[in-house]
Amino acid sequence: MDVNVEFWARDTKNAVKRGDVVIIIDVLRCSSSIIAALASGVGGIVPIKTVREAREVSRIHPEFILSGERKGVKPSGFKYGNSPVAFSKIKLEGAYLILTTTSGTNALSQAKEAKHVLVGGFLNAKSIAETAYNLAIKESEGITLALSGKKGSFSLEDFLGAGAIIGDLPDEVTLSDAAQAALLAFRGAKSSLTEVVKQGNHAKYLVSIGFEEDIRFSTQLNKYKIIPYLKGEVVIPSKST
């Protein structure tokens, strides 16, 4: 089984053509927010590319809850932002969220033609690895970890997040050079993961606007077993077995 890392979400078209199981990674903060929200009881999350489109969906489905960010901050009129810490504390059993973020929800839209699309990060690394591996075995295909990045730029935390997930895959998988590099980088950073992630440009920006707690939260390893799974236009929760 081949395991690949795509540094930009737009390149997931190659993974779709191969039939790979695709794991979208946006550690700071879309992936972590999705994981935390679903673990808190949210029934589903509708990922939307733009703020305007999110507001349009909200008019059609006023029962859905608007959430998201631009430049890290909650847009005007939205109930929630994109904070995994905040989502971990809410109790919205069965509710649906509309979520639009700078990079992560766009990455999900890029991958939606894949047969299996999962959302991963440090928070659910082991469970995502197990689920992706089992799906790939079933489909006789590979696994691609797609990094959301920051507006198309390389992202340190997403690269390390990919390495964390790869580290929990069985030894018999065949790693691409990028996958091997991600694994080695994660192993080097694991003992001081939060501090290493905080050296990244996006993390520094989040600290500057008051979201340092989100970084600490998002760099917890295997806090949850929730598997966010894109089914049609909605990310739904599933638990690893």
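Any read-out appearing in this document is the output of simple, stated calculations on the displayed coordinates, not a laboratory observation. Remember, predicted model here, so these are calculated numbers, not experimental data. Cβ coordinates were reconstructed from backbone atoms using ideal geometry, including for glycine residues, and neighbour counts include every protein chain displayed.
Give me the base-10 log of I(q)/I(0) for the range 1-81 at each q in 0.11, 0.12, 0.16, 0.19 Å⁻¹, Debye formula, one uniform scatterer per Cα, rounded to two decimals.
With no solvent term, the Cα-only Debye profile gives -0.39, -0.46, -0.77, -0.98.
Return the equivalent ellipsoid semi-axes of the range 95-177 as a descending list in whole Å, where each equals the square root of 5 times an eigenvalue of the C-alpha gyration tensor.
Taking √(5λ) for each Cα gyration eigenvalue gives 22, 16, 13 Å.
Under 5 Å between amide hydrogens, which residues at least 5 positions from Ile227 or on another chain qualify, with H placed 1.01 Å from N in the peptide plane?
Ser238, Lys239, Ser240
Under 5 Å between amide H atoms, partner at least 5 residues away or on a different chain: which partners does Ile98 have, H built in plane at 1.01 Å?
The list, which skips near neighbours in sequence, is Val46, Ile65, Leu66, Ser67.
In whole angstrom, how long is each semi-axis of the equivalent ellipsoid of the chain, when you take the square root of 5 times every eigenvalue of its Cα gyration tensor and sort them from largest down?
Working from the Cα gyration tensor, I get semi-axes of 26, 20, 16 Å.
Which far-off residues, 5 or more places away or on another chain, put their amide H under 5 Å from the one on Asn222, with H placed in the peptide plane?
Answer set, sorted by chain and number: Leu123, Asn124, Ala125, Lys126.
Which trypsin sites (Lys or Arg not before Pro) does the range 47-106 hold that lie in a coil by DSSP with at most 16 other beta carbons within 10 Å?
Here the sparse-neighbourhood loop sites are Lys49, Lys71, Lys79, Lys91.
Let me know the volume per residue of the alpha-carbon convex hull for the range 130-175, in Å³.
84 Å³
Which whole-number percentage describes the relative contact order of the range 157-241, with Cα contacts under 8 Å and a sequence gap of 6 or more?
20 percent
Ignoring everything except DSSP H segments at least 4 long, calculate the 222 nm mean residue ellipticity for the chain; use -39,500 (n - 2.57) per segment, divide by total residues, nearest 500.
-12000 deg cm²/dmol
Stick to Cα atoms and the Kirkwood definition of Rh, then tell me Rg/Rh for the range 21-129.
0.94
Leaving out same-chain residues fewer than 8 places away, which aspartates and glutamates sit with a Cα under 17 Å from that of Lys17?
Asp2, Glu6, Glu113, Glu139, Glu141
When only Cα pairs under 8 Å and 6 or more residues apart are kept, what is the percent relative contact order across the chain?
Value for the chain: 33 percent.
For the range 120-223, please report how many Lys pairs fall under 21 Å Cα to Cα, leaving out neighbours fewer than 8 apart on the same chain.
Close lysine pairs under the 21 Å cut-off: 11.
Reachable aspartates and glutamates from Lys74, Cα under 20 Å, same-chain residues fewer than 8 places away excluded?
Asp26, Glu53, Glu56, Glu63, Glu212, Glu213, Asp214
Could you check the simple spin-label distance between Trp8 and Val234, using points 7 Å along Cα→Cβ, in nm with one decimal?
3.4 nm
Using 0.36 nm per residue of separation minus the Cα-Cα distance, give me the extension gain between Lys79 and Glu113 in nm, one decimal.
Length gained between Lys79 and Glu113: 9.3 nm.
Among rounded, prolate and oblate, which fits the range 121-241 when a ≥ b ≥ c are the square roots of the eigenvalues of its C-alpha gyration tensor, a/c under 1.5 means rounded, and a/b larger than b/c means prolate?
prolate
Mean separation of Cα pairs under 8 Å and 6+ residues apart, divided by the residue count of the range 31-108: what relative contact order is that in percent?
Over the range 31-108, the number comes to 47 percent.
Calculate the length of the line joining the C-alpha centroid of the range 8-50 to that of the range 51-86, in whole Å.
Cα centroid to Cα centroid, the span is 17 Å.
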